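The values are calculated or read from the model by the stated rules, or taken from the named source; none is laboratory data. It should be emphasised that the depicted structure is a prediction, and the values quoted were computed from it without experimental measurement. Don't worry about glycine lacking a Cβ; one is built from the backbone with ideal geometry, like all the others, and counts go over all protein chains shown.
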Amino acid sequence: MMKIKKITLYQIALELKNPFVTSYGKVTKRPSIVIEIEDKDGFIGLGECVAFSDPFYTEETLHTCLHIMKEFLIPLLFKERIKHPDEVGARFIPIRRNNMSKAALEGAVWDLYAKRERLSLANAIGGTKKEIEIGIAIGLKKVPEMLAQIEKSLAQGYKRVKIKIKPGIEHEILEAIRNSFPHLPLMVDANSAYTVKDFEILKSLDRYDLMMIEQPLACDDLFYHAKLQEKITTPICLDESITSVHDLKVALEMRSCKVVNLKPSRVGGISAAKSIHDLCKEHNIALWGGGMLEAGIARAQALALYSLPHFSLPADTAGSNKYWENDIILPEIKMNNGIIKVSENIGIGYKLNQDILKKVLVHKEIFYN
Ligand SMILES: O=C(O)CCC(=O)C1=CC=C[C@@H](O)[C@@H]1C(=O)O
Ligand SMILES: [Mg+2]
């Protein structure tokens, strides 16, 4: 039984080594919130909120997350003891959506639980894989820089390449990539940059032998994703559109996608993500783990989740040094030849790097039960 005594929120200012450009804008500053949850027995669980400062990828921002956590979710966590982290999502049901706020706290409870049980987080979740294959996600770039980056990524061992696209640049960039790398496992992510008017353009991408096209249409449009999937042979992968088990059930009924990109933060936490994993397995829908340009704590949690057996395509979660001069955890997460080993240490398996935390700390708030 976990009786939560104290929750600390550390607002931190991080900056990406290289800006990440998508169809919706450029991310350079990557502020974040680190969460520490302590129970009455002195165990500490770590979490991280991965919302962005702008509401472009989802409607949440770091500011709305702080508000929702402080005013609504933390009081709910303080209310009663928790037997298992699966209860947290259920307790948060009265609060609508706000999945990134929920996932941030739920992740810390999972770490706390795993530490109490002396299990690695991966084991606590039910993970079986020892290693995760990693692909690289490359932001929008001019053709020569893109080709150079792909060359470098292949030398580093990444198992597939995902590039961002937006209307108008598709053929120039994809033709150039296919000319240089005809057999490269390649996919594209549009972050909803297309509409029903663009079906012909999207159909014309079939010729590039893409593994999938991620989130071509709006996040709330399962209907036209289904219409599009009827017209194109490239499998559609949904990211932003799948925010719950229910969304996935509807998407499966409607045949809106053939692949799912799963991120625990987008669906309200690890427990919901597990259910989505199980449903994908049951329906034999291809599944892989997404990335959120997250720092080490959320990255470690995501990797533990992606050790579940049905995650079968390379994940977006690369090693710490792709993103940061210094990550906030010790040791940093290392990718070797396109593979990250799942930590077998207790809990998330990584410690907060206190020296780095001091350097990047903007504001600290403590809540007592
Ligand atoms: O974490 C990474 O390496 C990048 C993953 C990535 O492509 C994304 C991260 C965050 C928001 C999105 O723009 C995007 C995605 O849509 O998957
Ligand atoms: Mg995406």
Review point. Considering the range 247-272 alone, what residues qualify as being within 14 Å of ligand 1 (Cβ to nearest atom) and among the charged types (D, E, K, R)?
Key: LYS263, ARG266
Exercise for review: May I ask you to verify whether LYS141 is assigned to a loop (DSSP other than H, G, I, E, B) and either at pLDDT below 95 or within 16 Å of ligand 1 (Cβ to nearest atom) (or both)?
Suggested key: yes
Revision key, fill the gap. Filtering the range 10-26 for residues that are touching a residue at least 40 places away in the same chain (Cβ under 8 Å) and under 16 Å from SER192 (Cβ atoms) leaves a count of 4
Practice item. Identify the single condition in (1) free of Cβ contacts under 8 Å to residues at least 60 places away in the same chain; (2) farther than 26 Å from THR22 by Cβ; (3) touching a helix residue (DSSP H, G or I) at 6+ places or on another chain (Cβ under 9 Å); (4) surrounded by fewer than 20 Cβ atoms within 10 Å (Cβ to Cβ) that LYS40 does not satisfy, given that it satisfies every other one. Key: (3)
Practice item. Considering each residue of the range 271-294, count those that are more than 11 Å from the chain's Cα centre (by Cα) and either within 25 Å of ILE138 (Cα to Cα) or more than 16 Å from ligand 2 (Cβ to nearest atom) (or both), and give that number. Key: 15
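For every residue, the table says whether it meets (1) more than 22 Å from PRO216 (Cα to Cα); (2) surrounded by fewer than 15 Cβ atoms within 10 Å (Cβ to Cβ).
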site	(1), (2)
GLY139	no, no
GLY157	yes, yes
ILE163	no, no
GLY168	no, yes
**Study point:** ASN326 vs. criteria among the polar types (S, T, N, Q), farther than 21 Å from VAL109 by Cβ and not in a loop (DSSP other than H, G, I, E, B)
**Key:** no
Review point. Does at least one position in the range 226-246 carry a residue that is assigned to a helix (DSSP H, G or I), within 16 Å of ligand 1 (Cβ to nearest atom) and assigned by the TED database to the domain that holds LEU184?
Key: no
Check your understanding: What are the pairs, 6+ residues apart or on separate chains, where a residue within the range 154-170 that is closer than 16 Å to LYS197 by Cα and among the acidic types (Asp, Glu) has its Cβ under 9 Å from a residue that is modelled with pLDDT under 95 and surrounded by fewer than 22 Cβ atoms within 10 Å (Cβ to Cβ)?
Key -> none
